[in-house]
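Remarks on the structure that follows.
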Amino acid sequence: MSEKNDHSNCQCNDSNCAGEVDEVELRRQFLHKISTITMGTMTLALFPATAGDGSDGETAGGADLAGGNPADKESRPVYGFLVDTEKCIGAGKCLTACRVENNVPEGNYRTWVERYIHFKDGTVQVDLVPEEGFAGSNMPKVDPESVDRSYFVPKLCNHCEDAPCNQVCPVPASYKSPEGFELIDTDQCVGCSYCVQACPYGVRFINHDTGAADKCTWCYHRVMRDEQPACVEACPVGARLFGRVDDPESEISKRIAKIPTQVLKEHLGTGPKVRYVGISEEVT
Amino acid sequence: MNWIRAFVRDTRHLWTLLFLVVASGAGFLFVRSKMIPESFGQYGPYRATAMTDLAALPSRFQADATCLECHEDVGEERAEAVHITVRCVHCHGLGEEHIVQARKAAESSDVSIDPASDWDGDFMTKIDLYITKDRATCLACHESVVGMPEDFQKIDVAEHLEEMGAGEPEDPETCFECHGGHDTAP
């Protein structure tokens, strides 16, 4: 029957092929078509759903940061962080405040303070400021006579505009909130540490209590209820300043407008949002 | 009807294939719908409720305002003090339990909170509150180290005691013996 069919097919198409060859060719065409249809169906099954999700996301917020929904964008605050190294005294109060606020395990830091010492002979030394301050710590004393310039540099997450940590995350765990906070969904995080390695500022670590990546959130939970981040609240000398940079009347905007500020590793193009006062180019 | 039987027989392998394709496609969509969190994609390629979870975290680090709700007198005492920028929690700890107790006591007269004069070591630990009077409290900020701003008050204890004419290096034992408490002055 099939042979007959093939034969008639052959005649209809008016091809000059013989029965044997024709059958092989037909089978090849069939396989080709069926694989195309299968792939097509799979792709179609996949597409409408993702396209739906994507378009929802774009109108609601995904593309909003790039100018999607103007009404929302108008009202959406833009936050910034200013660190004044000319004021920092290295007391470590911010470190304790952060640890307490965010349950940071011992040995990890969401924020830390470095001490940069520029010696007169041109060398630079970088120390980590102890959490309890220098009193009682066994930090070796530095002879003030040999020091040209020295200052404390508090470090924390820069909440980059174009965050590398975000880009490498293989699961939807690392994301940027509509307010511009770079955050981690600990439920989704698989703890692969890609982001830990990707961050050029070294602010991420694996929290062994939760098994997920962890880092400074600029105290997202506090900011969302109009409180200052814990480290800002704790600083006795006002070396840390947090606020809305889109509001020209805010303290941070006024300070940034008045004094020159820098960001860390600007050449990497990550768009860091923590601005520093009074650091030299050795600080990275 | 013969041709129908023949058609079914000859195309049975195609029907099997069609069934497999449909079944695996449906299975894929089912598993996908189960695995993708509900709020995924609301703002972007992540779970939108993750932000709600995060925003629901408690503010543990208490600002002075919380303490001053009850301790107004301390607020007045400190209003003009140089150390107004030093937070209550820096010297007294978080006192989370203390705040809980105090809030309860404020609501109901049945609950009372022990007066400060009754505090002992155990009690302080229990309510997560303490009074720190050792030198380290002051020296956490004022210890003279390289790196501090020029105009910040730096203290070298040995030097300072000698200047002040103290007899022994351990006497007075704490800074507070000379420098007062809440209105600590230079």
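State which residue is farthest from the other protein chains (Cβ to nearest Cβ) when the search covers only segment A:208-235 and only residues that are among the acidic types (Asp, Glu) and touching a residue at least 12 places away in the same chain (Cβ under 8 Å).
Filtering first and then ranking leaves A:Asp209.
State all residues of segment B:71-91 that are part of a loop (DSSP other than H, G, I, E, B) and farther than 20 Å from B:Thr132 by Cα; if no residue qualifies, say none.
B:Ala79, B:Glu80
Could you check segment A:236-248 and list, in sequence order, the residues that are in contact with a strand residue (DSSP E or B) (Cβ under 9 Å, 6 or more places away or on another chain) and more than 8 Å from every other protein chain (Cβ to nearest Cβ)?
A:Ala239, A:Arg240, A:Leu241, A:Phe242, A:Gly243, A:Arg244, A:Val245, A:Asp246
Taking the stated definitions as given, is B:Ser24 more than 8 Å from chain A (Cβ to nearest Cβ), of a type outside the set (Val, Ile, Thr) and in contact with a strand residue (DSSP E or B) (Cβ under 6 Å, 6 or more places away or on another chain)?
No; evaluated as a whole, the condition is false for this residue.
What number of residues within segment B:98-151 satisfy the criterion of being crowded, with 19+ Cβ neighbours inside 10 Å and modelled with pLDDT under 70?
1
Quick check on my filter: what residues within segment B:41-54 are at the interface with chain A (Cβ under 7 Å from one of its Cβ atoms) and either surrounded by 16 or more Cβ atoms within 10 Å (Cβ to Cβ) or modelled with pLDDT of 95 or more (or both)?
Listed by number, the residues that qualify are B:Gly41, B:Gln42, B:Tyr43, B:Gly44, B:Tyr46, B:Arg47, B:Ala50, B:Met51, B:Leu54.
Looking at segment B:152-186, which of its residues are under 31 Å from the mean Cα position of the chain (by Cα) and either among the aromatic types (Phe, Trp, Tyr) or within 11 Å of chain A (Cβ to nearest Cβ) (or both)?
B:Phe152, B:Gln153, B:Lys154, B:Ile155, B:Phe176, listed by residue number.
Taking the residues in segment B:57-70 that are assigned to a helix (DSSP H, G or I) and either more than 12 Å from chain A (Cβ to nearest Cβ) or in contact with a Gly (Cβ under 8 Å, 6 or more places away or on another chain) (or both) as candidates, determine which candidate is surrounded by the fewest Cβ atoms within 10 Å (Cβ to Cβ).
In this case the residue turns out to be B:Leu68.
From the list B:Leu54, B:Leu94, pick out the single residue that is in contact with a Leu (Cβ under 7 Å, 6 or more places away or on another chain) and either outside the structural domain of B:Gly180 (by TED's automatic domain parsing) or in a helix (DSSP H, G or I) (or both).
Testing whether each residue is in contact with a Leu (Cβ under 7 Å, 6 or more places away or on another chain) and either outside the structural domain of B:Gly180 (by TED's automatic domain parsing) or in a helix (DSSP H, G or I) (or both) leaves just B:Leu54.
Residue by residue through segment B:149-169, note down the ones that are assigned to a helix (DSSP H, G or I) and β-branched (Val, Ile, Thr).
B:Val157
Can you confirm whether segment A:196-207 contains a residue that is surrounded by fewer than 23 Cβ atoms within 10 Å (Cβ to Cβ), free of Cβ contacts under 8 Å to residues at least 60 places away in the same chain and touching a Phe, Trp or Tyr at 6+ places or on another chain (Cβ under 8 Å)?
Within segment A:196-207 (the criterion being surrounded by fewer than 23 Cβ atoms within 10 Å (Cβ to Cβ), free of Cβ contacts under 8 Å to residues at least 60 places away in the same chain and touching a Phe, Trp or Tyr at 6+ places or on another chain (Cβ under 8 Å)), the answer is yes, since at least one residue qualifies.
What helices (runs of 4 or more DSSP H), lying completely within segment A:191-282, carry at least 3 residues that are touching a Cys at 6+ places or on another chain (Cβ under 6 Å) and either modelled with pLDDT under 95 or within 23 Å of B:Ala55 (Cα to Cα) (or both)?
Per the criteria, A:230-234.
The values are calculated or read from the model by the stated rules, or taken from the named source; none is laboratory data. Note that the structure is predicted; figures quoted are calculated from it, not measured. Positions of Cβ are generated from backbone atoms using ideal geometry, with glycine treated the same way; all protein chains shown enter the neighbour counts.
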